[in-house]
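These notes concern the structure reproduced below.
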Amino acid sequence: MGRFTIRRLRLHCRIVAKATSIVHRKSLNRKYTDGKSQNKGYRQDGRCIRGNRRPCDSRSGVSESSRKRVEEILKQLDYQPNMYASALASNKKYAFACLLPLHEKGEYWTDVETGIHNAVETYSDFNVAVHLSYYDPYDYHSFAEASGQILALEPDGVMFAPTVPQYTKPFTDELTQHNIPYIYIDSNIKEEPALSFYGQNSHQSGYFAARMLMLLAGEDAQEIVIFRKINEGIVGSNQQERREIGFREYMQEHHPACRIWELDLHAKRDSEDTLMLDEFFQEHPTVKNGITFNSKAYIIGEYLLKKQKKDFNLMGYDLLQRNVDCLKQGSIFFLIAQQPTLQGFDGIKALCEYLILKKEITRENFMPIDLLTKENIEFYYNK
């Protein structure tokens, strides 16, 4: 149907109502003029009994061209504006809950929140409200506690970024039991299918990233490094784990002799990053290419700038401002973007369309795998 604003939808609803009235009056007029139908309140000459009004056909004042135009609009809209009109008239309030990883302002999830707020504003005429909750991505029990609090709210629908399957399943089981539709964003759990998923194909993204990194490294590259952010063995994201699986799959298929080093930085002790990076590059001076699958590539990028280390090719994910700054200054060579604002918007939109407008929802909605450099980043922002 396309992206109609609420104002345009109301206009179309009025057109539908007008067209319905026209068709109804013309139908009555035909009944009375052909003498095949009798109806209280009307005479066979098509005039209303009450008062001396003109025949219904002439009263409408609609030309043949206007009638055809209305019918064309109805056909194009497939009568869907009636559903909008019904939803607008119901005045029912819809309460949605969103569960996201805890984050600081300006990080990846800030853009997801922007998309959520934009969607709430877009669908404000339908009385939509969203309650935002957060969990520590490095603490599975935090997810369990936060999800339990959401269940207590008894929302009409839920959108959330899932944690590992074994801690996600109890939550989705409860949602299913209470007939609460839910949307996944960022990462998908196919074993526990949601109403819909919005995000990248993480495995394919990692596979693609390996190919791009090796174009930088060259066919003869003997070693590369993967940088992680980990807390007590927890990566903090299903998506990052699947990216790495896809990455390693490509490397095994195409560069099996290339050694992959790993450097696990502390997720909650940023003060140690510089020391750990110093030690790594001192011990591995010949490593010239690396990647991180989280959104904090700027940690390594800013380190490279500070150390004036210009002989290292770094690849990362997401358009955080600090990442983009490093990209423009040359310490990050490639960034892969995944449109988090659109994920947040489309997730709420899907709940609205499913619950309010009674539409069918596509199960999987993959975001593009956008590869950005300092040469094209400004054009990407202007999309």
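Read-outs: derived from the displayed coordinates by stated rules, not from any lab. Note that the structure is a prediction, hence the values are computed from the model and not measured. A quick note on method: Cβ atoms are made from the backbone with ideal geometry, for glycine too, and the neighbour counts reach across all protein chains shown.
Return the sequence-ordered ³J(HN,Hα) values of segment 106-114 in whole Hz as given by the Karplus equation 6.51 cos²θ - 1.76 cosθ + 1.60 applied to θ = phi - 60°, using x for Gly and Pro.
Result, ordered by residue: x, 7, 3, 6, 4, 5, 4, 4, 4 Hz.
State the Cα centre-to-centre distance between segment 326-383 and segment 183-247 in whole Å.
16 Å
Please report the antiparallel percentage of the DSSP beta bridges confined to segment 200-356, to the nearest 5. List each step's numbers first, then the result.
On the way: 1 of 18 bridges.
Expressed as a percentage, antiparallel bridges in segment 200-356 total about 5.
For the peptides 150-160, 313-323, what is the packing order when you average, over each peptide's residues, the other Cβ atoms within 10 Å and list the highest mean first?
On the way: 150-160: 19.7, 313-323: 21.4.
In descending order of packing, they fall as 313-323, 150-160.
Test of understanding: extend the Cα→C-beta vector of Gln222 to 7 Å, then name every residue of segment 251-289 with backbone N under 16 Å from that spot.
The answer is 256-261, 283-289.
Between Arg259 and Asn118, what's the calculated FRET efficiency when r is the beta-carbon distance and R0 is 45 Å? Round to 0.05. Could you put the intermediate results ahead of the total?
Values: r = 45 Å, r/R0 = 1.00.
E between Arg259 and Asn118, to the nearest 0.05, is 0.50.
In 10 Å bins starting at zero, report the fraction of Cα pairs in segment 202-337 per bin as a rounded %.
Per 10 Å bin, starting at zero, the Cα-Cα P(r) for segment 202-337 comes out as 12, 46, 37, 4 percent.
Listing Ser133, Ser271, Ser187 from the residue with the fewest other Cβ atoms within 10 Å to the one with the most, what is the order? Intermediate values should be presented prior to the final figure.
Details: Ser133 17, Ser271 7, Ser187 21.
In order of increasing Cβ crowding within 10 Å: Ser271, Ser133, Ser187.
Once you have the alpha carbon radius of gyration of segment 124-283, what is it after dividing by 2.2 N^0.38 Å, with N set to its residue count? Present the calculation step by step, with values, prior to reporting the outcome.
Working: Rg = 19.4 Å, N = 160, 2.2 N^0.38 = 15.1 Å.
So segment 124-283 has a normalised radius of gyration of 1.28.
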